[in-house]
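Written below as structure tokens is the structure these notes are about.
What follows is calculated from the coordinates using simple rules that are stated; it is not laboratory data. On a predicted model such as this, the values are computed, not experimentally measured, just so you know. Cβ placement follows ideal geometry from the backbone for every residue including glycine, while neighbour counts extend to all protein chains displayed.
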Amino acid sequence: MPNASFDSIKFYLKMFALTFTILAIADQFRFSENVSETRDLLVRLVPELAVGTLVLFLLLWVTRNRVPLDGLLQAILYVDAVYLLFHALLTIPTWYLNYFLHAPLGGREVDLFTTEFEKCLSTQSFAFWLIRGDVQFFMYNDNSQGWIQTFIDNLRYITAFPFLILFALMVWRRYGSNFLIATIAASMAFVFANEAFDWVESKVRIALANNTNCESTYVWTLLDKFSADRIAEQLQFKLSNSLKKSFPDVNQAFWLEENDYIIAFKVDSVNRTFRVEGTDYIVGFNDDLANTAQLSELAYRYVPMKRFLISTYCSPHPYWIAVRRMRYNLTAFVFDQDRTIVSLKLKPDNCGLA
């Protein structure tokens, strides 16, 4: 049925054009721009449709629900086209919610670090540019937002559920397939196509990035292009987010004063233990110890937390490399209700070669 197949393709392209328009409206609530929906059609949707159709056809064939390949493709195109439009309509309030939860105060500001790194990759790798294009990113708070963030991350699967049922109804009525098997097969094919693409894209991007020297050079370009004050302000926001992730249950503050980043941790008088990536950093001491033993215990337990702070400030992470290259220091305090337990000031010279 060449005419029927051609009609389904035309319908799909029309729905995609309408979806493109809706997504263009929603772009103002996105933390990136210049993302080409046309590129997404060619790079993501076409492979996903091909893989999903093949997987679904094989699953139905194995379960003896014989559906002609051209008829299966037509049903997929019609259902997927309506799904794309419906998902795009839900994208506007969802992206707005995401923007409301994650946008920093002061509105959208270009993320210098992420944008410059992406630009370097696109410049040095034509294949990377072909996949990504010229994308510009904006600052956002990437701390977890619990179930709301989980909902946003899995929206494509939530919105797909009624359309998977719709597809099963179509092939049941037209070809007599088992409704339950068709629903399960369609769900498996949809999840596999999405997850497989995400996995392959991630591996390809990592491989392409590893073939460039951007990881070690983009910070230098960044420091040459923009003022130290602007970079320092963005680092304050980014490093604060990172520290909140490392110490989610600790009362802390992080701010910038002239050329000093200052971090203050307030710990419980009884339990003075930080957990970072499975390691306990003890910063307190037992108040019941005698003075001499207390000082010994205190000195012994200072070491882990100080080691963490030194290794953080002197790390090869691009953010801290920028901090040191700009000759900014790190001052850290750990205190409880009535005393300072740890006080430390680190300068670039403390790390040797920055």
Handout entry: Two-site FRET efficiency, residue 216 against residue 86, from Cβ-Cβ distance with R₀ of 51 Å, rounded to 0.05
Key = 0.70
Handout entry: Phi-based couplings in Hz for the stretch 309-315 (Karplus 6.51, -1.76, 1.60; Gly and Pro marked x)
Key = 5, 5, 5, 5, 5, 8, 6
Completion exercise
Rounded to the nearest 0.05, FRET efficiency between residue 62 and residue 351 (Cβ-Cβ, R0 45 Å) equals 0.15
Exercise for the section: Report the extension gain between residue 127 and residue 18 in nm, rounded to one decimal, defined as 0.36 nm multiplied by the number of residues separating them, less their alpha carbon distance. Expected result: 36.4 nm
Fill in the blank from the handout: If the chain between residue 151 and residue 184 were fully extended at 0.36 nm per residue, the gain over the current Cα-Cα distance would be 9.7 nm
Handout entry: residue 206-residue 141 pseudo-label distance in nm [points 7 Å out on the Cα-to-Cβ vector]
Key = 3.0 nm
Problem - Listed pairs 238/306; 14/119; 203/306; 238/347; 119/347; 119/306 exceeding 25 Å between Cα atoms - result: 14/119; 203/306; 119/347; 119/306
Handout entry: Environment charge at residue 350 (Cβ cut-off 14 Å; Lys +1, Arg +1, Asp -1, Glu -1)
Key = +4
Problem - Distance between modelled label sites at residue 165 and residue 246, nm, 7 Å Cα→Cβ extension - result: 4.8 nm
Exercise for the section: Pop the C-beta distance of residue 315 and residue 11 into the FRET formula with R0 = 51 Å and round what comes out to the nearest 0.05. Expected result: 0.45
Handout entry: Amide H contacts of residue 109 (H built 1.01 Å from N, under 5 Å, at least 5 apart or other chain)
Key = 139
Problem - Computed label-point distance, nm, for sites residue 325 and residue 110 using a 7 Å Cα→Cβ extension - result: 1.7 nm
